[in-house]
1. Would you mind calculating the relative contact order of the stretch B:41-190 from Cα pairs under 8 angstrom and at least 6 residues apart, reporting the percent as a whole number?
2. To the nearest whole number, what is the average tally of beta carbon atoms from other chains within 10 Å of the beta carbons of peptide B:89-98?
3. Around B:Ile169, which amide H atoms from residues at least 5 apart in sequence, or from another chain, sit under 5 Å from its own amide H, with H modelled in the peptide plane?
4. Zone of A:Ile11 (label point 7 Å along Cα→Cβ, backbone N under 11 Å): which residues in the stretch B:101-137?
5. Calculate the mean, over all residues of peptide B:54-65, of how many other protein chain Cβ atoms lie within 10 angstrom of the residue's Cβ.
6. What FRET efficiency would be calculated for the residue pair A:Asp49, A:Gln70, taking the C-beta separation as r and a Förster radius of 25 Å, to the nearest 0.05?
7. Can you list residues from other chains, or at least 5 along the same chain, whose modelled amide H is less than 5 Å from the amide H of B:Arg44?
8. How far apart, in nanometres, would the label points at B:Arg122 and A:Asp122 be if each is projected 7 angstrom from Cα along the Cα-to-Cβ direction?
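Values in this text are rule-based calculations from the coordinates and carry no lab data. What you are looking at is a predicted structure, and each value in this text was computed from that prediction instead of being measured. So basically every Cβ, Gly included, is an ideal-geometry build from the backbone, and we count neighbours across all protein chains shown.
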Amino acid sequence: MVLPLVNTPGIRKANNQGLVATLIGGNDLLHTIPVNRTVRITKIQAWNDTGGPVDIQLGTNDNGVPAFVQLFPDLRVLNNIDNQWLETEIPWVIFAVDTRAGAAGLTGDIRVNTNPLTANIDILLEVEEYGA
Amino acid sequence: MSEVANIYDNGPISPIAKIRENMSVWSGGRWIHHVVDFIEPLPRSSPMVVEMVTATGNTNIAANGLIARALVGILLLAENEFIHLRWEPLDDVEGVLWEQSSQGRFVTRSVQARVSRFTHVRDPYLATTTFCVLGMNRDMNLGVQNPLPVIQVIARFVFWGYRYLLVPIENNAAPPRTVWVPAEGKQVRS
């Protein structure tokens with residue numbers, strides 16, 4: 001029997017950190033990436049009740065070496081509205097382990113900054129991991 | 001379509017011998033010849049799930065850590081009972097198969113492969129996870145590796161397949177027609 005190959009042969013899951021409430025300092029960790037895998041974001045959900053719109057910046061920081069690098073354009077999270085971005089709206093940005101990560105512990109990560117920096121923006125991701 | 005499969009056939013798991021046929025099992029370092037007396041399925045179901053964190057008395061698996069191989073209670077057998085199973089993790093962990101606690105399975109000289117959530121991606125019927133166990137006190141052991149850089153508190157594995165009852169052939173005489181099945185590992189002959 002020949003089965004059709006899966007186009008995106010990965011596993012889907014929620015981000016490792018689960019529901020994350022941002023902190024005022026920014027650079028909040030959303031997902032850590034094992035060394036054998038690469039990751040793309042397939043869904044973003046965000047909740048904001050700070051009273052005004054807040055932009056979130058998704059990127060990677062790899063344990064601080066280098067500093068936070070933004071990989072998506074700012075996403076505007078509107079106040080008191082269900083904010084979500086589905087797979088068809090999210091570019092296929094691949095997050096991988098930084099090859100310089102040896103000293104930092106062989107992990108990659110997905111992190112978020114808010115603009116303006118603010119606490120209590122709730123964020124949850126669905127990710128697809130490839131590899132082994 | 002044949003009524004029995006070869007042991008690693010890439011399709012849904014099927015019996016590898018019929019009742020009253022012969023089955024020769026590699027166990028204890030030799031081939032032991034039997035007649036199949038009974039076959040029944042072991043469907044994938046909740047009793048066939050083992051959670052290895054609590055089963056081994058732990059509270060979690062450390063980031064990139066492991067749980068040392070341990071007996072899987074639901075797969076303990078009586079003498080002349082034989083199971084032919086496939087398996088996969090229900091959580092994002094990797095299973096490491098051992099037969100009789102000290103003999104690695106799915107090994108070569110340089111690597112021991114594991115079963116993970118990715119195994120089904122290119123092997124939808126999980127044929128590459130197939131293993132067998134024969135009889136009492138020749139049990140499989142399961143180790144668990146955490147591939148994630150975060151602590152995990154749960155590591156579940158599910159098994160399914162077939163159970164056979166075997167009758168040893170007198171004097172272990174090799175029958176003219178038989179199915180040859182490994183129930184433990186085998187090393188390269190020096």
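1. 41
2. Going residue by residue through B:89-98 and averaging, the value is 1.
3. Long-range HN contacts for B:Ile169: B:His33, B:His34, B:Val35.
4. B:115-121
5. Other-chain Cβ atoms within 10 Å of each residue's Cβ, averaged: 1.
6. Efficiency at R0 = 25 Å is approximately 0.55.
7. When sequence neighbours closer than 5 places are left aside, the close amide H contacts are B:Gly161.
8. 4.0
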